[in-house]
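Novice: A single structure is presented below for examination.
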Amino acid sequence: MNHGPLIFLGVFFTFASSWLALVFTPYVQLQHLTAAKSGETASSYPRPIAGLALVGQRVYSRDGCMYCHTQQVRPEGFGADFERGWGPRRTVARDYIYDRPVMLGTMRTGPDLANIGVRQPSVEWHHLHLYNPRITSPGSIMPSYAFLYRKQKIVGQPSDDALELPEEYAIEPGYEIVPTEEARALVAYLLRQDRTYPLPEAEQ
Amino acid sequence: MSDAVAATVEWTPEKRRAYFARERAGIDASTRLPVLTFFAASVFWLLVGTTLAIIASVKMHWPEFLESFSWLTFGRARSAHLDTMAYGWTAQVGLGVSLWLIARLARAPLRWPRLLVGAAGLWNAAVLAGAIGVLGGQMQSVEWLEFPPFVAPLLALAFVVIAMSALTTFGDRQEGHIYVSQWYLFGALFWFPWLYVVANVLILFQPVRGVLQASVNWWFAHNYLGLYLTPIGLASAYYLIPKVIGRPVYSYYLSIIGFWALAFFYNSAGIHHLIGGPMPAWLITYSIVASVMMLIPVGTVAINHHMTTVNHFRLVLYSPTLRFIVFGAMSYTAVSVQGALQSLRTVNEVSHFTHYTVAHAHLGVYAFFTMTMFGSLYYIVPRLTKWEWASARLIRLHFWMTAGGIMLYFLSLTWAGWYQGQMLNDANVPFMDIVKYTLPYLRTRSIAAVMLAVGHLVFAYLFVLNLLHRGEPRRDPTILGDVKEYRDMIGSEGAPQ
């Protein structure tokens with residue numbers, strides 16, 4: 001049987017139906033979400049990502065942290081995200097309106113990072129961990145991001161932001177490890193990961 | 001031969017067979033240059049993608065491995081693996097097979113072979129630039145679309161040229177009846193450019209807001225397998241299984257139901273990758289329903305292939321084509337049933353975010369699609385090069401390394417992933433215990449990756465020998481058993497390979 005035009009129409013309409021359902025309708029529903037005023041405070045949430053954190057977002061995307069870490073908290077009662085302390089509430093669409101690209105992630109080789117800025121606010125901890133995850137978390141299989149750090153000769157006083165390496169990871173005397181601009185940006189981005197503010201659609 | 005002349009000939013079965021054999025040889029000749037170009041380039045990317053796969057796999061249980069090279073850091077190596085496999089190997093071998101099938105099924109020579117070679121050049125230059133971009137620090141963390149943005153227009157342009165040639169050839173068809181493989185190929189060639197362009201525009205060029213990017217992303221990534229690779233794999237199976245065993249497809253109507261159900265339901269299943277995520281509930285439910293409905297097209301294809309092959313299963317001992325394609329077709333049923341189950345909320349609550357999903361993806365793209373493509377190449381390549389495969393022993397080695405490798409891969413990661421998921425959902429299990437639990441399985445996965453690599457090297461070696469016409473000249477096709485026995489089994493209607 002010769003069904004040329006029928007095939008064409010069918011192929012077109014099946015495709016159009018999925019585009020309508022999975023792309024266009026959600027677009028109508030979510031494209032105009034804006035930040036919401038929350039609680040008694042005057043500020044609205046979420047806040048746009050800006051400055052150094054924006055550069056850090058680029059590093060996070062470029063080096064593929066997303067392929068081991070999610071940035072989403074599932075609802076209470078569905079999985080144990082809540083019990084593991086990954087967030088006080090589920091995350092909702094509004095939490096991501098400023099993310100570019102959105103990096104929800106689909107793999108949890110490492111813990112969820114949606115609220116890592118609250119759970120681990122220490123800049124020093126993050127630098128040591130990124131420089132070599134085995135320093136802070138023995139047995140970790142997270143890669144070392146030592147290429148975001150610079151080894152330099154100490155002239156006069158050690159730098160303020162030099163890493164305080166434990167003995168077994170020490171480098172030769174007279175030298176120090178300092179974060180590059182990219183490492184500082186990445187940590188700034190991680191510290192910005194805070195989706196604990198209240199939103200009207202997600203009670204605590 | 002014009003119809004008027006044909007009408008004057010007295011057609012004996014021998015004359016008819018000789019006539020069609022000549023016609024086929026002429027059509028194959030028109031496809032030789034472009035199709036072999038696509039095949040050669042795809043085999044190259046298969047080896048590149050395999051190397052990157054081993055690097056990424058080893059890094060996961062041995063993080064110090066090659067750790068000082070920023071361009072090989074896990075996130076980049078793993079993504080370069082995925083993208084070279086997706087666009088260098090699967091997309092491209094699929095294009096080669098599609099072009100060959102389209103010309104054969106239309107009984108018309110392929111249009112614009114030289115332009116196609118140019119398009120292949122553009123496609124490969126874009127994949128190369130993309131892979132370098134990903135490794136070099138231009139990566140986008142958007143799954144299946146990690147290439148730097150400038151690559152997308154180049155790939156889209158090359159694809160449109162290729163699809164135009166295919167569709168024009170389809171328009172030249174001399175055969176009134178449209179065979180089910182042509183439906184699938186038509187769908188694949190139409191769907192891919194739309195999906196690819198819409199996804200790139202809405203995520204990279206004019207990004208939509210927030211989580212909409214994630215839904216567009218999974219609409220694309222899921223449909224890349226469902227609406228591009230799957231139809232090509234099925235088209236090939238629908239053509240080659242009956243061809244090799246010399247019997248028609250069991251049921252024409254089942255195959256049509258299968259096609260439309262696939263076109264409708266697969267299309268809408270993608271958002272099951274975001275179950276539990278910050279998405280509207282209706283959207284996720286819609287995708288779950290579509291995923292479960294996928295049992296219809298899968299069931300029809302499985303029944304159809306089974307009924308076509310039944311009583312001829314012994315042929316897999318002889319025919320390399322059939323052996324790989326039957327393995328692929330069985331994996332298709334398995335991966336689809338698994339996919340439908342995995343989209344159920346209760347199962348997904350455990351399997352999501354774990355190695356279980358990684359195993360599932362490889363069951364689809366490798367055990368189904370890649371194995372089906374190997375089978376297709378064993379059939380198509382000798383007809384283009386006019387040279388038989390150099391060694392049945394090496395073909396057998398290729399089969400056992402890849403079939404064994406992917407089974408080991410699948411079983412180890414499925415097991416590890418399921419328990420990883422159970423433990424993740426039990427807050428009393430410390431996170432590091434989960435990491436340690438998965439280690440032996442990740443090491444097993446690296447062993448599986450090495451087995452697959454051996455299989456790929458053997459295949460690449462056979463392919464190069466064939467292109468160069470090396471080895472003993474053979475009169476008979478290279479098959480995995482006694483040729484005479486085999487010919488008796490398939491009779492005069494079967495096409496040996």
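Novice: Let me check I've understood the local charge: for residue B:236, count other residues with C-beta under 15 angstrom from its C-beta, Lys and Arg +1, Asp and Glu -1. What total comes out?
Specialist: Values: positive: B:104, B:243, B:323, B:383; negative: none.
Neighbourhood net charge equals +4.
Novice: What fraction, in whole percent, of alpha-carbon pairs in segment B:395-497 exceed 15 Å separation?
Specialist: 73
Novice: Follow-up question, since we're still on this one. Run the dipole for the protein assembly as shown about the Cα centre, Lys and Arg Cβ at +1, Asp and Glu Cβ at -1, nothing else charged, and hand back the magnitude in debye, nearest 20.
Specialist: 1860
Novice: Using θ = phi - 60° and the Karplus form 6.51 cos²θ - 1.76 cosθ + 1.60, what ³J(HN,Hα) does each residue of segment B:192-204 get, whole Hz, x for Gly and Pro?
Specialist: My calculation for segment B:192-204 gives 4, x, 5, 4, 5, 5, 4, 5, 5, 5, 6, 10, 9 Hz in order.
Novice: Can you grab the distance from the C-alpha centre of segment B:238-267 to the C-alpha centre of segment A:43-58, Å, no decimals?
Specialist: Between the Cα centres of segment B:238-267 and segment A:43-58 lies a distance of 51 Å.
Novice: At 222 nm, what value in deg cm²/dmol follows for chain A if DSSP H runs of at least 4 each add -39500 (n - 2.57) and the sum is divided by all its residues, to the nearest 500?
Specialist: -8500 deg cm²/dmol
Novice: Under 23 Å from the Cα of residue B:15, which lysines turn up, not counting those fewer than eight places away in the same chain?
Specialist: Leaving aside lysines fewer than 8 places away in the same chain, those within reach of residue B:15 are B:243, B:386.
Novice: Report the far tail of the P(r) of segment B:1-177, meaning the percent of Cα-Cα pairs longer than 19 Å.
Specialist: 63
Novice: Continuing with this model, one more query. Taking the Cα centre of segment A:46-203 as the origin, how large is its charge dipole in debye, to the nearest 20, when only Lys and Arg (+1) and Asp and Glu (-1) carry charge on their Cβ atoms? Walk me through the numbers on the way to the answer.
Specialist: Values: 18 positive and 20 negative charges, 106 e Å.
Using only the charged Cβ atoms, the result is roughly 520 debye.
Novice: Next question. Can you classify segment B:394-441 as rounded, prolate or oblate using the Cα gyration tensor, where a ≥ b ≥ c are the square roots of its eigenvalues, rounded means a/c under 1.5, and otherwise it's prolate if a/b beats b/c and oblate if not?
Specialist: prolate
Novice: With point charges of +1 on the Cβ of Lys and Arg and -1 on the Cβ of Asp and Glu, referenced to the Cα centre of chain A, which listed residue (A:15, A:129, A:78) lies farthest in the positive direction of the dipole?
Specialist: A:15
Novice: Moving to a separate point now. What number, in percent, do you get for the relative contact order of chain B if the mean sequence gap of Cα pairs under 8 Å and at least 6 apart is divided by its residue count?
Specialist: 15
Novice: Which of B:415, B:463, B:495 sits farthest toward the positive end of the charge dipole of segment B:394-497, with +1 on the Cβ of Lys and Arg and -1 on the Cβ of Asp and Glu?
Specialist: B:463
Novice: Compute the helix-to-body angle for B:320-342: its Cα long axis versus the longest principal axis of chain B, expressed 0 to 90° and rounded to tens.
Specialist: Taking the Cα atoms of chain B, the angle to B:320-342 is about 40 degrees.
Novice: If you average 1/r over every pair of different alpha-carbon atoms in segment A:93-186 and take one over that average, what Kirkwood value in Å do you get?
Specialist: 15.2
Novice: Turning to a different aspect of this structure: Cross-link partners among lysines for residue B:436, C-alpha distance below 25 Å, same-chain residues fewer than 8 apart left out?
Specialist: Reachable lysines: B:59.
Novice: Please list the three semi-axes, largest first and in whole Å, of the ellipsoid equivalent to segment B:232-305, using sqrt of 5 times the eigenvalues of its alpha carbon gyration tensor.
Specialist: The equivalent ellipsoid of segment B:232-305 has semi-axes of 32, 11, 8 Å.
Novice: Further, regarding this structure: Normalised by the residues of chain A, what does the relative contact order come to in percent, with Cα pairs under 8 Å and at least six apart?
Specialist: 27
Novice: For segment B:154-240, what class follows from the C-alpha gyration tensor (a ≥ b ≥ c being the square roots of its eigenvalues): rounded when a/c is under 1.5, otherwise prolate if a/b is larger than b/c, else oblate?
Specialist: It comes out prolate by the Cα gyration axes.
Novice: Let me ask something else about it. Loop-only check: which chymotrypsin sites (Phe, Trp or Tyr not before Pro) in segment B:109-175 are DSSP coil with at most 13 other Cβ within 10 angstrom? Walk me through the intermediate numbers first.
Specialist: On the way: sites: B:123, B:144, B:150, B:159, B:170; in loops: B:144, B:150.
For chymotrypsin sites (Phe, Trp or Tyr not before Pro) across segment B:109-175 that sit outside H, G, I, E and B with at most 13 neighbouring Cβ atoms in 10 Å, the list reads B:150.
Novice: So, one more: I'd like the projected area of the protein assembly as shown, averaged over all directions, using the convex hull of its alpha carbons. Report it in nm² with one decimal.
Specialist: 32.6
Novice: Still on this structure, please answer the following. Checking the a/c ratio against 1.5 first, then a/b against b/c, what shape does the Cα gyration tensor give for segment A:28-116?
Specialist: oblate
Novice: Another question about this same structure. Less than 13 Å Cβ to Cβ from residue B:113, Lys/Arg counted +1 and Asp/Glu -1: what total charge do the surrounding residues give? Don't skip to the answer; put the middle values down first.
Specialist: Numbers: positive: B:32, B:111, B:114; negative: B:28.
Here the charged neighbours net out to +2.
Novice: Let me ask you something else. Just how far, in whole angstrom, is segment B:178-230 from segment A:171-200 if you go by their alpha carbon centroids?
Specialist: 36
Novice: What distance in nm separates the two pseudo spin-label positions at residue B:160 and residue B:64, each 7 Å out from Cα along the beta-carbon direction?
Specialist: Going from the residue B:160 label point to the residue B:64 one covers 5.2 nm.
Novice: Bin by bin, in steps of 5 Å, what percent of the Cα pairs in chain A do you find, going until the bin that has the longest distance?
Specialist: The calculated distribution, bin by bin, is 1, 6, 11, 15, 15, 13, 10, 8, 6, 5, 3, 2, 2, 1, 0, 0, 0, 0.
Novice: Summing -39500 (n - 2.57) over the DSSP H runs of n ≥ 4 in chain B and dividing by its residue number, what mean residue ellipticity at 222 nm do you reach, to the nearest 500 deg cm²/dmol?
Specialist: Taking each H run of at least 4 residues, the total per residue is -23500 deg cm²/dmol.
Novice: Note down the nm distance, to one decimal, between modelled labels 7 Å out along Cα→Cβ at residue B:22 and at residue B:346.
Specialist: My value for the distance between the label points is 6.6 nm.
Novice: Further, regarding this structure: Grab the eigenvalues of the alpha-carbon gyration tensor for chain B, scale each by 5, take roots, and send me the semi-axes largest first in whole angstrom.
Specialist: Details: eigenvalues 285, 121, 109 Å².
In descending order the semi-axes read 38, 25, 23 Å.
Novice: Further question on the same structure: Kirkwood hydrodynamic radius of segment B:136-180 from all distinct Cα pairs, in Å?
Specialist: Taking every pair of different Cα atoms in segment B:136-180, averaging 1/r and inverting gives 13.3 Å.
Novice: Still on this structure, please answer the following. When Lys and Arg each count +1 and Asp and Glu each count -1, what net charge do the other residues less than 12 Å away from residue B:204, Cβ to Cβ, add up to?
Specialist: Values: positive: A:100; negative: B:146.
Within the 12 Å Cβ shell, the charges total 0.
Throughout, read-outs are computed from the coordinates displayed, never taken from laboratory work. Computed from a prediction, not measured in an experiment: that's the story for all the values here. As a convention, Cβ positions derive from the backbone with ideal geometry for all residues, glycine included, and neighbour counts pool all protein chains shown.
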